[in-house]
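Single-structure report; data block below.
The values are calculated or read from the model by the stated rules, or taken from the named source; none is laboratory data. Source: prediction; values computed, not measured. FYI the Cβ positions are ideal-geometry reconstructions off the backbone, even for glycines, and counts take in every protein chain you see. We work out accessible area using only protein heavy atoms, side chains counted, and drop any ligands, DNA or RNA first. Shrake-Rupley method; radii C 1.70, N 1.55, O 1.52, S 1.80 Å.
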Amino acid sequence: MKYKTWIKSPETVEGAVLSFRKRFNVEGDVKKATLCVSSLGIYKASINGKKVGDQVLTPGCTSYDARIIYNTYDVTENIRDDNLIDISVGGGWAIGRYGLGLSTGAFGKDVCAVAELSIEMADGTVHYIVTDTTWEVYTTKVTFADLYEGETIDKTAEERYIGEAVKDGREFNLVPQMGADICENEVLAPIELIITPKGERVLDFGQNMTGYVSLKIKGEKGERVVLSHGEILDKDGNFYNANYRSAKNILTFVLDGEEDFFKPEFSFQGFRYVRIDEYPDREIDVNGFRAIAVHSKMDRTGRFACGDARINQLYHNIIWGQKGNYLDIPTDCPQRDERLGWTGDAQVFCRTAAMNFDVRKFFVKWLGDLRAEQREDGAVYGVCPQKFGSGYMTRISAGWGDVATVAPWVMYEIYNDKSFLADNFEMMKKWVEYIRGVGDDEYLWLSGYHYGDWLAMDAGEDSYVGATSNDLVATAFYAYSTELVIKAGEVLGEDVSFYRELLVNIKRRFREYFMDNGMPKDELPFTEVCPENKKGVVDTVRRGMTQTALVLILYFDLCLPEEREAIADRLEELIRDFDDRMTTGFLGTPYILHALSACGRTETAYKLFFQNKNPSWLYSVDHGATTIWEHWNGIKDDGSFWSTDMNSFNHYAYGCVAEWIYGTVCGVKLLEAGYKKIKLAPVPNRKLGFAKCALETVSGRIESHWYYTGDRINYEFTVPAGAEAVIALPNGYTETVGGGTYTYSHKV
Ligand code: BGC
């Protein structure tokens, strides 16, 4: 893209989608026409009335300060003699309301467009049509669009000429799209029109999802359809969306009397239910409605099924949680006034994500944003892109900032692509350097404002943060990130002796400071907890003897080998004391089953896996979930909601259990990057009946399947050609095999 003139309307029209138009003639034979386009806001580009490309919500969300993506389209077929190019732009992430603590758009009030259309003629000459002050600006039939608030499409609205475009003086770094395109995917029909006890008319699409509703309708000019969105019904079966907080998510369609088709193109909603607030005065044509799932393009790579319908539902919920939250950036949730690139959520889920789908492009782009936003001193924020907020969002927290080391390492391991390490190694080191510089003790990370073991259940019903000492958690992650820097450096052939020594010292200090006689100390000094972290009650408990602390010690290898058994015993005891349940939150949950299995406590791991009392994975399944919930008991046993302000029903983080499902239940363990070398060590369980998974890896397709027949257990494995697999069966049988299909059977 050579020409980069940003234009905007001569008059600010807040909230509306504006169209930037240019007429032009082309004489002669066109060999090739290419359009490069971007916007501050969400754009839709058309030439001669035909939308260009099949992507939606372009150009997506980046750390705009550092770079803005532009898209490139081959538009040769669109060009005629007389042409009209139209770039319609709505507020979207950059200009609309987006983020926390911001009342207006982070980049001002005016949507802006930039475009370059190059037309190469058969005779070799090239003409350029580029955004400049000769473009005309109009209002459109989309009279309002906002990511949080929703969209109004008024087919009766007059398109008003505002004037000639003016230049926007700012300069942005325009870079070509390197991420995964955002596209429309599944299309769902409503499964039911519910009349609620309150008399509301509510469409149920059967699946909590992210995207928008489309509507085909024929009515009278000026008739309206107004739709509200919700993820859940309340305990009486009435429509509920107080958990969206201030995000209204309302769609308004005004009919023009023709056969109409409506579909938002400048906003998206997170929903399963749609309340029809207004509809022409006749019977609702349910079949006119569809729900279109929108997410980044990712090829499915992981599959799993077993003999337990509830576990299959859990897996389904994990997949849909990813679809709903991988929309250009990894968001926490897709519906309320948040939808931010929370780094902690991304950190805990990225391995699962990379097993479920091919997310290479997705992470190439987002890690670029993360690098761009890393602070000079190495700090990595809780949210990326970070521009969209203040206060609460700007904390530097253990478990969140660590995405800087975890995500590049995971992407390298899964895809055997060293560029993930080469591109991000500086960021990884700088993050560790940041931690090293915090506080007085080089080897401990004490104090700071952390999100902690977010939403854990052991500090009381009303606390956002669990009971585990933030200092312990932070120092544990310090060790983990240092270890990942060492591993990455080794792959890259870097000298990592400094980090090796650092890790030895962190572990030594961890044991001195947080442990006594091979166990974590229970009472640990209280360090300040951020005020926003409290929900009602004041939590001052900072503990070392918690499930999360023990899990982190085991998983991050922070104890001596001879101490592991006793720690695993203690972990099992704490689980038993809590009625075979977990108390873990965002930072303990991802590793609890792994830590137990690694210590041979798979039976306890299975107990947690099958548990359906709160807190557990199956609790939400039993309560009708179709995606993963933010809070273990988002809906409480008595049917009431845990809260209105932190209660998303599409929050993928706890879906990270899929990693254990593939890796332990089906036993596909990665031993060498790209699955070139694997271990196949399934851990069958009668209650599951059978389990099978398939992973499309860069080395080829891996399959693992086990099932019972009478008193025998049978296995079928597929190892890709060129790969090597160590088979390790529960009866002690092991062998190493190459590519091929293998079956085994033994007595239970
Ligand atoms: C988000 C989380 C996020 C957290 C930080 C919440 O508002 O929804 O998923 O990680 O804040 O603690």
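The figures follow:
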| read-out | value |
| --- | --- |
| Test result for ASP345, away from the ligand (no atom under 15 Å from the Cβ) and charged (D, E, K, R) | no |
| Selection count where residues are buried (at least 20 other Cβ atoms within 10 Å of the Cβ) and in a helix (DSSP H, G or I), scope the stretch 437-472 | 3 |
| From GLU171, GLU186, GLU120, residue being charged (D, E, K, R), within 29 Å of PRO330 (Cα to Cα) and in a strand (DSSP E or B) | GLU186 |
| Residue ID - farthest from the ligand (Cβ to nearest atom), chosen from residues in the stretch 568-607 that are assigned to a helix (DSSP H, G or I) and among the small types (Gly, Ala, Ser) | ALA568 |
| Looking only at the stretch 297-338, and only at residues there that are polar (S, T, N, Q) and within 16 Å of the ligand (Cβ to nearest atom), the one that is surrounded by the most Cβ atoms within 10 Å (Cβ to Cβ) | ASN325 |
| Single unsatisfied condition, MET582 versus (1) crowded, with 24+ Cβ neighbours inside 10 Å; (2) hydrophobic (A, V, I, L, M, F, W, C); (3) out of contact with any strand residue (DSSP E or B) (no Cβ under 6 Å at 6 or more places or on another chain); (4) within 21 Å of PHE510 (Cβ to Cβ) | (4) |
| The listed residue being within 16 Å of the ligand (Cβ to nearest atom) and out of contact with any strand residue (DSSP E or B) (no Cβ under 6 Å at 6 or more places or on another chain), out of SER463, SER419, SER481 | SER463 |
| Qualifying positions in the stretch 505-559 - part of a helix (DSSP H, G or I), open to solvent by less than 10 Å² (accessible area, probe 1.4 Å) and modelled with pLDDT of 95 or more | ILE506, PHE510, PHE514, GLN547, THR548, ALA549, LEU550, VAL551, LEU552, ILE553, LEU554 |
| Residue within the stretch 102-115 that is within 16 Å of the ligand (Cβ to nearest atom), closer than 30 Å to ASN249 by Cβ and open to solvent by 20 Å² or more (accessible area, probe 1.4 Å) present | yes |
| Failed condition for THR62, given (1) at pLDDT 95 or above; (2) in contact with a Pro (Cβ under 8 Å, 6 or more places away or on another chain); (3) of a type in the set (Val, Ile, Thr) | (1) |
| The one condition in (1) open to solvent by less than 10 Å² (accessible area, probe 1.4 Å); (2) among the hydrophobic types (A, V, I, L, M, F, W, C); (3) under 30 Å from LEU314 (Cβ atoms) that ILE191 fails to fulfil | (1) |
| Looking only at the stretch 354-379, and only at residues there that are buried (at least 24 other Cβ atoms within 10 Å of the Cβ) and free of Cβ contacts under 8 Å to residues at least 60 places away in the same chain, the one that is farthest from the chain's Cα centre (by Cα) | LEU370 |
| Among residues of the stretch 61-85, those that are under 29 Å from GLY105 (Cβ atoms) and either out of contact with any strand residue (DSSP E or B) (no Cβ under 6 Å at 6 or more places or on another chain) or not in a loop (DSSP other than H, G, I, E, B) (or both), counted | 12 |
| Selection within the stretch 585-600 - under 26 Å from the mean Cα position of the chain (by Cα) and either closer than 15 Å to ILE628 by Cβ or open to solvent by less than 10 Å² (accessible area, probe 1.4 Å) (or both) | GLY585, PHE586, LEU587, GLY588, THR589, PRO590, ILE592, LEU593, ALA595 |
| Residue that is nearest to the ligand (Cβ to nearest atom), among those in the stretch 618-630 that are part of a helix (DSSP H, G or I) and either touching a Gly at 6+ places or on another chain (Cβ under 9 Å) or open to solvent by 10 Å² or more (accessible area, probe 1.4 Å) (or both) | SER620 |
| Matching option when the condition is modelled with pLDDT of 95 or more and of a type in the set (Gly, Ala, Ser), among ALA467, ALA422, ALA459 | ALA422 |
